[in-house]
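Undergrad: One structure coming up, written as structure tokens, with questions to follow.
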Amino acid sequence: MKKFIFLGLLIILGISFAQGMDTRPTRIEDRCKVFESYYLNQPENNDPGIFDHMKSWHEADFVALYHTVQLPANQEKLQGIREGLNQSFETQTVTHSKIAVAYLLYSMVTSSISEMELQGDTDGAIESERVDRTIHYGREYIAKKGTSDYTTDPMELYGINYALGKIALWDQDDLRWLPFVSLSGAARFRPLNSQFGMKAPLIGLPLGRGAYDGNLNVTPFDHIAHDILHGGFSSLCPEAVKFVYDIYRKADAIVRDIKEPKVKTLCDFSLFEVGHEAKFCIMNHPAMTMNTEGVPEFPSVVTKTAIEAACDMRLEEINIEINKVYGLGPSADYFDFHSQSIKPWPNKDALLTLSPFVNPQTGVLYSLIEIINHFGFNKDTVLSVEEITDKISPGFLNSLPDSQHSCFDHWRLVVLHLNFYNQLIGLKAFFNRNGMEFDLWKGNEFQADAISAFFKEACETFKREVGPHFKNFFDS
């Protein structure tokens with residue numbers, strides 16, 4: 001899923017700094033309200049007044065970021081990025097894309113290996129050459145006054161930095177990024193859906209390590225880049241992306257008008273899943289065709305049936321994920337991450353590598369459910385693979401040779417299916433906070449059937465509340 005295990009738990013706190021400085025970045029909900037005043041029900045609005053607000057938000061965000069950086073050289077890099085963006089504000093050449101690029105560059109500085117070495121945690125940190133190279137091209141992009149004086153192709157930028165290229169690709173298509181800084185970089189379902197409905201996706205920059213899709217302890221760069229790729233629907237062509245945003249706008253307008261709290265909560269969750277995560281299953285759309293140049297072509301309207309089918313397809317994918325948490329041992333083959341090929345599984349080396357994680361009673365690898373029960377892990381919190389391995393086999397990760405990492409990666413990513421479980425923990429908090437029962441466990445029993453039934457109710461609610469409103473738009 002986009003958004004990170006603590007989706008819906010956005011925390012924006014006041015941050016006190018040295019020299020008595022106190023700043024409080026504007027709450028994301030308040031930023032969204034400003035965007036709604038410009039773009040809700042008026043998608044073609046190009047009033048530059050929005051940038052007065054964004055300039056103020058950027059300044060508060062910058063101060064918060066600046067005081068998380070310790071190395072003077074990195075503070076200078078942040079200042080340089082800030083000066084370049086402020087100049088574009090002053091010369092009125094600023095665009096939503098330039099602002100997004102600045103936040104991306106900030107994230108690379110705070111995620112650089114030189115900075116993370118000072119924090120004693122370099123996992124995923126970015127090499128200095130890559131940071132400096134991206135800053136160079138990013139600042140050139142921010143400095144451009146128009147398309148004629150900046151000739152670097154978006155795909156060329158994509159090769160320099162995939163997130164930078166994705167922003168550049170949408171520079172001419174009225175995509176209005178809304179970046180924000182917070183402790184976690186996360187946002188709730190409602191502002192997420194609202195912003196996507198306005199073709200103005202949120203991109204969150206955490207002040208420290210964050211999380212998304214059940215991946216814990218990710219760098220600020222990985223977090224914001226993940227959001228950027230979702231905003232540009234990374235696997236889709238431009239024609240499909242425009243189509244997805246058109247559907248999102250219409251669906252969000254329906255959901256935002258729902259009055260009953262439980263129904264609205266279920267529909268917000270479903271819209272996020274079927275729209276943000278599944279892209280409305282657009283490449284499976286029955287009316288999609290290819291023109292003579294091999295470019296997808298979509299109808300100007302979407303049928304009610306297609307909306308319902310997309311929801312059913314996403315529900316089926318979620319149910320598959322739920323079943324994987326039970327993990328009945330290894331499959332016959334596994335994907336070797338080092339050789340990039342399919343190999344037989346298990347084999348002698350694999351069993352030797354993963355012997356601490358083989359259930360002695362069954363002779364196959366522990367499932368996540370077995371691990372949680374057998375080793376007494378807390379059933380109300382997210383789990384990291386480091387926490388699991390340290391408890392089952394202390395020192396295992398430090399002793400694992402490079403040649404054996406592939407087997408371990410397969411167990412971690414495929415057999416354990418830990419990321420999805422962490423997402424469920426986040427959803428439990430979200431639904432419980434909104435007054436709904438959503439329990440993952442009863443005693444030592446993982447409630448797979450009840451979880452599936454809950455998601456089915458959400459799907460059916462979305463189809464009932466949203467689907468029929470599309471009938472006037474479409475030739476069904």
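The values are calculated or read from the model by the stated rules, or taken from the named source; none is laboratory data. Predicted model only: the values in this text are computed from it and were never measured. A quick note on method: Cβ atoms are made from the backbone with ideal geometry, for glycine too, and the neighbour counts reach across all protein chains shown. Heavy atoms of the whole protein, side chains included, go into the accessibility calculation; ligands, DNA and RNA do not. Shrake-Rupley method; radii C 1.70, N 1.55, O 1.52, S 1.80 Å.
Undergrad: Between a first residue in segment 411-435 that is in contact (Cβ under 8 Å) with a residue 24 or more places away in the chain and a second residue that is assigned to a helix (DSSP H, G or I) and of a type in the set (Val, Ile, Thr), which pairs have beta carbons less than 6 Å apart while being 6 or more apart in sequence or on different chains?
TA: Hits for this filter: Arg412/Val385; Asn434/Thr265.
Undergrad: Right, next: Within segment 24-63, work out how many residues are modelled with pLDDT under 95, buried (at least 16 other Cβ atoms within 10 Å of the Cβ) and closer than 24 Å to Gln79 by Cβ.
TA: Residues in segment 24-63 being modelled with pLDDT under 95, buried (at least 16 other Cβ atoms within 10 Å of the Cβ) and closer than 24 Å to Gln79 by Cβ: 2 in total.
Undergrad: Next up: In the set Lys379, Lys343, which member is modelled with pLDDT of 90 or more and in contact with a strand residue (DSSP E or B) (Cβ under 6 Å, 6 or more places away or on another chain)? Explain how you work it out, then say what you get.
TA: On the way: Lys343 fails: modelled with pLDDT of 90 or more.
Result of the check over Lys379, Lys343: Lys379.
Undergrad: Right, here's the next one. Out of segment 382-422, which residues are open to solvent by less than 20 Å² (accessible area, probe 1.4 Å) and at pLDDT 85 or above? Spell out the reasoning first.
TA: Filtering segment 382-422 down to residues open to solvent by less than 20 Å² (accessible area, probe 1.4 Å) leaves 383, 385, 388-389, 396, 400, 406-408, 410-411, 415-416, 418, 420-422.
If the condition is that a residue be open to solvent by less than 20 Å² (accessible area, probe 1.4 Å) and at pLDDT 85 or above, then Leu383, Val385, Ile388, Thr389, Phe396, Leu418, Phe420, Tyr421, Asn422 are the ones that fit.
Undergrad: So, one more: What single numbered condition from (1) outside any helix (DSSP H, G or I); (2) more than 26 Å from Leu183 (Cβ to Cβ) fails to hold for Gln87?
TA: The number of the failed condition is (1).
Undergrad: Now a separate question. Tell me, please, whether a residue that is closer than 22 Å to Ala211 by Cβ, surrounded by 13 or more Cβ atoms within 10 Å (Cβ to Cβ) and touching a Phe, Trp or Tyr at 6+ places or on another chain (Cβ under 8 Å) can be found in segment 452-467. Write out each step before concluding.
TA: As a first pass, look at segment 452-467 and keep what is closer than 22 Å to Ala211 by Cβ: 455.
Then drop every residue that is not surrounded by 13 or more Cβ atoms within 10 Å (Cβ to Cβ), which leaves 455.
Narrowing further to those that are touching a Phe, Trp or Tyr at 6+ places or on another chain (Cβ under 8 Å): none.
The answer is no; no qualifying residue exists.
Results for (1) out of contact with any strand residue (DSSP E or B) (no Cβ under 8 Å at 6 or more places or on another chain); (2) of a type outside the set (Val, Ile, Thr); (3) surrounded by 23 or more Cβ atoms within 10 Å (Cβ to Cβ); (4) at pLDDT 90 or above, shown as yes or no for each residue.
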residue: Gln172; (1), (2), (3), (4): yes, yes, no, no
residue: Ile203; (1), (2), (3), (4): no, no, yes, yes
residue: Gly214; (1), (2), (3), (4): yes, yes, no, no
residue: Glu239; (1), (2), (3), (4): no, yes, no, no
residue: Ala251; (1), (2), (3), (4): yes, yes, yes, yes
residue: Pro261; (1), (2), (3), (4): yes, yes, no, yes
residue: Asp268; (1), (2), (3), (4): yes, yes, yes, yes
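Undergrad: A follow-up question, please. Among the listed residues Gln87, Gln70, Gln172, Gln75, identify the single one that is over 26 Å from Leu207 (Cβ atoms) and either out of contact with any Gly (no Cβ under 7 Å at 6 or more places or on another chain) or aromatic (Phe, Trp, Tyr) (or both).
TA: Testing whether each residue is over 26 Å from Leu207 (Cβ atoms) and either out of contact with any Gly (no Cβ under 7 Å at 6 or more places or on another chain) or aromatic (Phe, Trp, Tyr) (or both) leaves just Gln172.
Undergrad: Is it true that Ala73 is open to solvent by 10 Å² or more (accessible area, probe 1.4 Å), in a helix (DSSP H, G or I) and among the small types (Gly, Ala, Ser)?
TA: yes
Undergrad: Criterion first (closer than 26 Å to Lys242 by Cα, of a type in the set (S, T, N, Q) and at pLDDT 90 or above) does Ser194 satisfy it? Working first, answer last.
TA: Numbers: closer than 26 Å to Lys242 by Cα: yes; of a type in the set (S, T, N, Q): yes; at pLDDT 90 or above: yes.
Taking the combined requirement at face value, the residue satisfies it.
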